[in-house]
1. Mind checking whether some residue in the stretch 29-38 is assigned to a helix (DSSP H, G or I), crowded, with 19+ Cβ neighbours inside 10 Å and modelled with pLDDT under 90?
2. Within the stretch 60-69, which residues are in contact with a helix residue (DSSP H, G or I) (Cβ under 7 Å, 6 or more places away or on another chain) and either over 19 Å from Asp161 (Cβ atoms) or modelled with pLDDT of 95 or more (or both)?
3. Would you check which residues across the stretch 127-182 are loosely packed, with under 15 Cβ neighbours inside 10 Å and touching a Phe, Trp or Tyr at 6+ places or on another chain (Cβ under 8 Å) and list them?
4. Of all residues being over 19 Å from Gln40 (Cα atoms) and among the charged types (D, E, K, R) in the stretch 70-106, which is modelled with the highest pLDDT? Just the residue, please.
5. Name every residue in the stretch 148-172 that is among the hydrophobic types (A, V, I, L, M, F, W, C), in a helix (DSSP H, G or I) and under 15 Å from Leu103 (Cα atoms), in order of residue number.
6. Considering only residues that are more than 10 Å from Pro98 (Cβ to Cβ) and either part of a helix (DSSP H, G or I) or at pLDDT 95 or above (or both), which ones fall in the stretch 137-147?
7. Those residues that are over 13 Å from Ser26 (Cβ atoms) and crowded, with 21+ Cβ neighbours inside 10 Å, I need them from the stretch 112-125; list them, please.
8. Would you mind telling me which numbered condition in (1) at pLDDT 95 or above; (2) farther than 18 Å from Pro164 by Cα Arg115 fails?
Amino acid sequence: MIYPPPFELKARYPTTALSGTWDGISGTVTVTLASPSRIQAISAACNAADGYAAANTIGATDDGLSNYMYARFERKSYPWGKAISFLTTSTQNREYSPSNDSLRYEVWGVTQDGRHVVHAALCTSHPKLPPDSLRAREVTSTVALKKDPDYALIERCPPQDFKPNLTSIDKMIGSLKMEGKN
C-alpha cells in the first residue's frame, strides 16, 4: 500500500535520513544511532568473504523487495569509519541479469565511535547494460547469475564506467561529517 505524503516513519533510534540528488547522484543516505547488536552485525559484514555473506549478516531490506545480487564487493575506509560496498538489484518475484532500472550501489558502514550505522543506497547504471529487466535475461540461481555476461561486466569494468561513477559516489559518502552527540 502506498500512502500519500507526508510520510511518517518511526525510528527505534535517532536517525538522520537524506533522500535526493547530489551532483547527479540520486538515492538515500541514512545515519542511525544503532543498537549494539546492529553495530555488531554491520561490523561483522565488513569482515565477510563476499557481498552475499555480508548481505546475509546485514539482514533483509524493509522495502518489500528481495535483493538477490551482491556484485563488486569491496571493503572501504572512510574518514568517518569502515564500510563495505556492493552493487545490488532486487525484484518482487523473478531474478534477472543486471539491468539499469534496478541497479543500486550500496554502502554499509560503522562510524569510528562504534555507535552509528551509515547506509547509502544510490542509483547507478552502465551504458552496456539493458535498460530494464524486460530486456535482461532471467536467471534461475546465484550460480547462473554469476556466469551471466552482464554480471561479469559489472564485476570487472572500471568504476568510472558507471553513471554516476562509483568513485564519485565513494567521494560523496566519504565527505559525510558526523556532528553532535547522542
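1. Within the stretch 29-38, the first condition is being assigned to a helix (DSSP H, G or I), and the residues that meet it are 36-38.
Filter once more, so that each one left must be crowded, with 19+ Cβ neighbours inside 10 Å: none.
The answer is no, given that none of the residues of the stretch 29-38 is assigned to a helix (DSSP H, G or I), crowded, with 19+ Cβ neighbours inside 10 Å and modelled with pLDDT under 90.
2. Here is the first cut: in the stretch 60-69, the ones in contact with a helix residue (DSSP H, G or I) (Cβ under 7 Å, 6 or more places away or on another chain) are 67, 69.
The one that is in contact with a helix residue (DSSP H, G or I) (Cβ under 7 Å, 6 or more places away or on another chain) and either over 19 Å from Asp161 (Cβ atoms) or modelled with pLDDT of 95 or more (or both): Asn67.
3. Glu138, Thr142, Gly174, Lys177 - these are the residues of the stretch 127-182 that are loosely packed, with under 15 Cβ neighbours inside 10 Å and touching a Phe, Trp or Tyr at 6+ places or on another chain (Cβ under 8 Å).
4. Arg72
5. Looking only at the stretch 148-172, we keep the residues that are among the hydrophobic types (A, V, I, L, M, F, W, C), and these are 152-154, 157, 162, 166, 169, 172.
Next, from what is left, pick out any that are in a helix (DSSP H, G or I): 152-154, 166, 169, 172.
Once the filter is applied, which keeps residues that are among the hydrophobic types (A, V, I, L, M, F, W, C), in a helix (DSSP H, G or I) and under 15 Å from Leu103 (Cα atoms), the stretch 148-172 yields Ala152, Leu153, Ile154, Leu166, Ile169.
6. If the condition is that a residue be more than 10 Å from Pro98 (Cβ to Cβ) and either part of a helix (DSSP H, G or I) or at pLDDT 95 or above (or both), then Thr142, Val143, Ala144, Lys146, Lys147 are the ones that fit.
7. To start, the set of residues in the stretch 112-125 that are over 13 Å from Ser26 (Cβ atoms) comprises 112-119.
Once the filter is applied, which keeps residues that are over 13 Å from Ser26 (Cβ atoms) and crowded, with 21+ Cβ neighbours inside 10 Å, the stretch 112-125 yields His116, Val117, Val118.
8. (1)
The values are calculated or read from the model by the stated rules, or taken from the named source; none is laboratory data. Keep in mind that this is a model prediction, so the values were computed, not measured. Cβ sites come from the backbone with ideal geometry, for glycine too, and all protein chains shown count toward neighbours.
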